[in-house]
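The block underneath contains the structure these notes are about, expressed in C-alpha cells.
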Amino acid sequence: MVLHDLVDHYRRDDSPIHRLPTGLKFTAALAVVAIAIAVPLPEGWFWLGLLTAFLMTAAGVSRLPPSFLARRLLLLEPFVIGAAVLALFRPHGLSVFMSLLARSTLCLLAMILLSATTPFASLLGTIRKIGVPEILVSVLALMYRYLFVMIDEADRMRKARSSRTFKAGRARSWESSAGVIGQLFVRSAGRAERVCGAMRARGWR
Amino acid sequence: MHIPDGFIDAKTAIAAAALSAAGVGLALRQARRHMPRKNVPLMGLAAAFIFAAQMLNFPVGAGTSGHLIGAVLASVLLGPAAAVIVMTAVLSVQCLLFADGGVSALGANIFNMAVMGSIGGYGIYAAVHRFCGGARGRLLAAAFASWCSTVLASICCAGELACSGTVPWGAGFPAMAGVHMVIGLGEALITAMVIAAVDRSGFQTRENDQAVPAGHYGEILTFGPLIALGLALFVSPFASPWPDGLEKVAAMLGFEHKAAAQPVLASPFADYRIPGVTSAPAATAFAGAVGTVVVFLLSLLLARTLSPVSAERRPAAQG
Amino acid sequence: MIPAIEVRDLRFSYHDEKAALHGVSFSIQEGESVALVGPNGAGKSTLLQHLNGLLPEKFGPNPAVAIFGRPVSTESLDETHRKVGFLFQESDDQLFCPTVHEDVAFGPQQFGHGEAEISRIVRDSLGKVGLQGFDDRIPHHLSAGEKQRVCLAGILACEPSILVLDEPTSDLDPRSKRGLIALLKSLSVTKVIASHDLELVVQLCPRTILLDAGHAVADGPTIRLLADEALMLEHGLEKPHSLQHGHPHGNTSSNPNLFT
C-alpha cells in the first residue's frame, strides 16, 4: 500500500542523522518550526535562507533519496497552497502568499526529515519523557501498532465487498464504504477486548 | 481542515495550545476517574479505526472525493471524553508521522477538531436526541450534529487564521464556512450510515437505544467553559461588536508589542473586512440559520431512510 | 502432591446465552503436557481463559480453579497471571506494543523489575525463541511464525510455571509449525494446549482431554483417545494420519504400545 512506502521505508536506514538521539532531532525540528513561523518577514528572508541551507544539509547527510522528499512535499503542498490562496484576498496579498508558502514548506521539510529518520516508537519515548500523560501515550502506542493492521483490514473488506457488488453506482459505493467503516468499528471493538485480555494476562491492570 | 505550520502566529498558537491542553487534560481526568481501565485499549484501537476510516474515499463526482472526519462518530460510539482523546491521538499521529497538519498548529487543530468537534458535536447530538428518542432520533441527532460539528470547527479555524492575520475574516469566514457547509453534508451522511451499520450489527454502543445518559451532561458541562472561551477568543472578535478577546489577552501577556513589530503578520483586522459582509451581518446570520434548518430537515429525511424499523424497536429498547 | 492445575466442577455461561461449560473437572500435575481437543464451540477457549483468571469477570465465593493449590480469585489474580502464561489464538492481538523489545518487556515491567533486569530478561527470552536482535523490529512487518515466537517470548519473559496455549499453530506454515513444536518440546514447564492440529497433539502431549458441548467427554493417554476412530468421529474430529497403521511419520514416540 502507498502509505507503507511513504512512511516506513527509510526509518531504519543508517546515517549520521538516523543515529542522532531522538530527543535532539525532535528539539531541532521544533526549533526550526518556531524560527520559521516567528521571524518577521521582509527582514527575515535571510533567516529563512539559513534554515533552508540547514535543512538541505541535513537532508544530504541523511542520504534520503531526494525523489522521496520531493514526493512527500508535493503530496502535502496542495493543502498549503489551498489555504494560502485565501490570503490573496487582502492588501499586499501576494507577499503574504509567498511568505506563507516559504514558511510552511520549510516547516514541512523539517517534519518530513524528522519523521523519515526516526522510528515512531522512539518518538513516543521522547514525548513520554517530556511529560505527556501516560494514558495518551498508551493510546498513541496502541494506535500506531494497529494502524496498518486496520488499514489492511479495511482494504481487504473493501475488496471483498466490491467483488460482490455489480452495480457501481455512487449511492452503492457510499453504502458499501459506510458498511465497511461500520464493520471495521465492530471488529476493532472486538479486537480491543482481546488486546485487553492479552494485556491483563501479562499483569496489566 | 488541518492547518499547516506557518499559518498561525505565535500568540494564537499558544492560546489554542493552552485551550486544547486544558480540554485534553479534562478528558484524561475523566478517563482516569470514571472509565473502566479496559477503555485504554479500546481508545487506542478506536483511534486506529478513525484513521483507517478517514482513508476510505467517498466519490463526490467530477473526479473528487470526500472522507470522514469522525469526531461525532467517535463521541456517539465511545462517549465525548473518550472521543476527545481518540481524536487528539489521530491528529497527533497525522502531524508527527505524516506531517499532515503543522506542529505549531497542532494545538489549534486539536481545539477545532478534537475538542470543539467532539464536545460541541456531542452537545448538539445530546440535545437533539433528548427530544427525538429511539433509533431514528439517534440517527437524526448524529447526522445533524456531524454537520454542525464540521461547520463549527471550520468557523473556529477561520477565526484562528484571522487572529493570526493570515487570512482576513471577511474572506476566510465565508470561504471556510461555505465549503464546510457542503463538506458537512457528506460528514452527516457518512456518520449516520456508519452508525446505522453498527447498530444493525447488534453491537452495543455506550448508550445505544436510551436517550442521553445523565452522566454525559456532566461531561459536556465540564467542557462548556473551555469551548465558550475558545469561541470568545477566536470567533467573537469578528462576529460581534465585543472587543477582540485574543488581542486583549495578548496585550496583557506582552505579545502585543512583538506583534506590532510584524506588520505583515498581525495588522489590525479592520483593514481586510470586505464591504458587504460586515455591513450585512444580519443577512449572513439569516443565511446561516436557513442553512441549518435545511440540514436539520435533510437529517430527518436521512434518518427515516436509514431506519425504517424504528417504530418496532422503541418498545423493545424500553424493556 | 499439590497439582499444578486443579479444576473442580467448572460451570460458566456468557451473559444471557446458554451455558458454555457444564461442570468440567480435571487436575494436571506439574511438568505434564496436556492437550485439549474438541470441535469448534466445544468451550476450549472458555476453559483456557479460566486457567489464568481472564474469566469469569466476577469471581464467586467458591472458585472452581486452583493453581498450585491456591484458588484463583480477585486476591490471587496477580499471582495467577505470573504463574500462568497465556498464548492467544491470534498473535496480532497479543503483540500490542510498537516494537518487539517493548512487547517482550511489557510483562516484566508490570511486575516491577528494574531496567537492567528487564533488558536481561528480554535478551534471554528472545534468545530462547531464536529471535536474537529482533528488538527494534515492528510487529506488523514480521511473518506469522516470527509473530508467534515473539508472543511466546513475551510470555516466557514473565517466567511462568504453566503455559496455556490456544491454537498455537493455526496461522503457521508447516516449517514454522515444526519450529514451534520443537521449541515447545524444549520447554520443561507444565503445558496445556488447545488445538485442532492433532499431529501437534500427538507429538507434544502424552495426555489428552476431549471436550464437547461444555462437557469433558474423555480424559486419557493421547494415543489411545485419538486412535479411537468411533470416539473421534462422534465428536467431530478425525484420527490423525500418523496413527494410521504403517504411516511413515509414525515414529517411536507416537507408538501406541508405549502408552498402553
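The values are calculated or read from the model by the stated rules, or taken from the named source; none is laboratory data. Just so you know, these numbers come straight off a predicted model, no measurement behind them. Note: ideal-geometry Cβ built from the backbone for every residue, glycine included; neighbour counts use all protein chains shown. Surface accessibility is based on the protein's heavy atoms, side chains included, excluding ligands, DNA and RNA. Shrake-Rupley method; radii C 1.70, N 1.55, O 1.52, S 1.80 Å.
Taking the stretch A:88-112 as the range and being more than 7 Å from every other protein chain (Cβ to nearest Cβ), under 18 Å from the mean Cα position of the chain (by Cα) and open to solvent by less than 10 Å² (accessible area, probe 1.4 Å) as the test, only A:Ala110 passes. Of all positions in the stretch A:56-67, none carries a residue that is within 13 Å of chain B (Cβ to nearest Cβ) and surrounded by 13 or more Cβ atoms within 10 Å (Cβ to Cβ). Here the helices (runs of 4 or more DSSP H) wholly within the stretch C:15-128 that include at least 1 residues being out of contact with any strand residue (DSSP E or B) (no Cβ under 9 Å at 6 or more places or on another chain) and within 30 Å of C:Ile223 (Cα to Cα) are C:91-94, C:115-128.
Residues in the stretch B:33-60 that are modelled with pLDDT under 90 and facing another protein chain (nearest Cβ under 7 Å) were compared, and the one that is nearest to A:Gly190 (Cα to Cα) is B:Lys38. Screening B:Ile69 against (1) in a helix (DSSP H, G or I); (2) more than 10 Å from chain A (Cβ to nearest Cβ); (3) open to solvent by 10 Å² or more (accessible area, probe 1.4 Å); (4) among the hydrophobic types (A, V, I, L, M, F, W, C) leaves a single unmet condition, (1). For the stretch A:171-192, the criterion of being within 30 Å of A:Thr57 (Cβ to Cβ), of a type outside the set (Val, Ile, Thr), open to solvent by 20 Å² or more (accessible area, probe 1.4 Å) and at pLDDT 90 or above is satisfied by no residue at all. Hey, any hits in the stretch A:147-159 for a residue that's open to solvent by 50 Å² or more (accessible area, probe 1.4 Å), at the interface with chain B (Cβ under 9 Å from one of its Cβ atoms) and of a type in the set (D, E, K, R)? So far as the stretch A:147-159 goes, yes, one or more of its residues are open to solvent by 50 Å² or more (accessible area, probe 1.4 Å), at the interface with chain B (Cβ under 9 Å from one of its Cβ atoms) and of a type in the set (D, E, K, R). Only one entry in A:Val85, A:Val33 is closer than 23 Å to B:Ala162 by Cβ and buried (at least 16 other Cβ atoms within 10 Å of the Cβ), namely A:Val33. Of B:Ala13, B:Ala27, all but one fail to be touching a Pro at 6+ places or on another chain (Cβ under 9 Å), crowded, with 24+ Cβ neighbours inside 10 Å and modelled with pLDDT of 90 or more; the exception is B:Ala27. Annotation note: Cβ proximity below 6 Å between a residue of the stretch C:30-41 that is open to solvent by 50 Å² or more (accessible area, probe 1.4 Å) and a residue that is in a loop (DSSP other than H, G, I, E, B) and among the aliphatic types (A, V, I, L, M) (sequence gap 6+ or interchain) occurs for C:Glu30/C:Ala4.
A single member of B:Leu78, B:Leu91, B:Leu26 is under 14 Å from the mean Cα position of the chain (by Cα) and more than 7 Å from chain A (Cβ to nearest Cβ), and it is B:Leu91.
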